[in-house]
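Enquirer: Structure below; questions to follow.
The values are calculated or read from the model by the stated rules, or taken from the named source; none is laboratory data. Nothing here was measured: the structure is a model prediction, and the numbers come from that model. Neighbour counts run over all protein chains shown; Cβ positions are idealised from the backbone, glycine included. The area values use the complete protein model at the heavy-atom level, side chains included, leaving out ligands, DNA and RNA. Shrake-Rupley method; radii C 1.70, N 1.55, O 1.52, S 1.80 Å.
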Amino acid sequence: LKQDLRVAVVNGLGNAKNLIKAMRDGKVSYDFVEVMACPAGCVGGGGNPNMNPQERESILQKRLESIYKIDRNLPIRRSHENPIIKRLYERYLGDMGGPEAHKLLHNKQVYGLPQTDKVEKKKNPKH
């Protein structure tokens, strides 16, 4: 079975919010969306050492190149080719994209927080 998929990758929660809005408004449509919370993906995320702002772009570019080089040399580069993932589907999930996999691996986005009747504010005691 050969099928074209529309895939989006978005970095940073602000960009994710914009993409979700565009999807809800019918401006764009994707079959799969990957969201990375870090503004520059995990390569430029919060777990990185502090960087000189003038060198930041150059350092991030070098890190990206290193990650892509490592990825190109990995024996398994796609999750659906991973023997562990294949066993997971065989034993528990059934067909990829099937109803059991969809039920267990997908969730419904819920917007907003539940409303409460009253919010109690506590004051910090002075020491």
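Enquirer: Tell me yes or no: at least one residue of region 111-124 is assigned to a loop (DSSP other than H, G, I, E, B), open to solvent by less than 100 Å² (accessible area, probe 1.4 Å) and at pLDDT 55 or above.
Expert: Yes, there is a match, as at least one residue in region 111-124 is assigned to a loop (DSSP other than H, G, I, E, B), open to solvent by less than 100 Å² (accessible area, probe 1.4 Å) and at pLDDT 55 or above.
Enquirer: Could you grab me the full set of residues in region 1-42 that are charged (D, E, K, R) and either part of a helix (DSSP H, G or I) or farther than 20 Å from residue 64 by Cα (or both)? Break it down into steps so the answer makes sense when it comes.
Expert: Let us first name the residues in region 1-42 that are charged (D, E, K, R), namely 2, 4, 6, 17, 21, 24-25, 27, 31, 34.
Scanning region 1-42 gives 2, 4, 6, 17, 21, 24, 25, 27, 31.
Enquirer: Return the pair list, or none, for Cβ contacts closer than 7 Å from residues in region 71-85 that are under 12 Å from residue 96 (Cβ atoms) to residues that are open to solvent by 80 Å² or more (accessible area, probe 1.4 Å), at least 6 apart or on different chains.
Expert: 80/96; 85/79
Enquirer: Which condition number in (1) modelled with pLDDT of 85 or more; (2) closer than 29 Å to residue 32 by Cβ; (3) part of a helix (DSSP H, G or I) is the one that residue 60 fails?
Expert: Going through the list (1) modelled with pLDDT of 85 or more; (2) closer than 29 Å to residue 32 by Cβ; (3) part of a helix (DSSP H, G or I), residue 60 breaks only (1).
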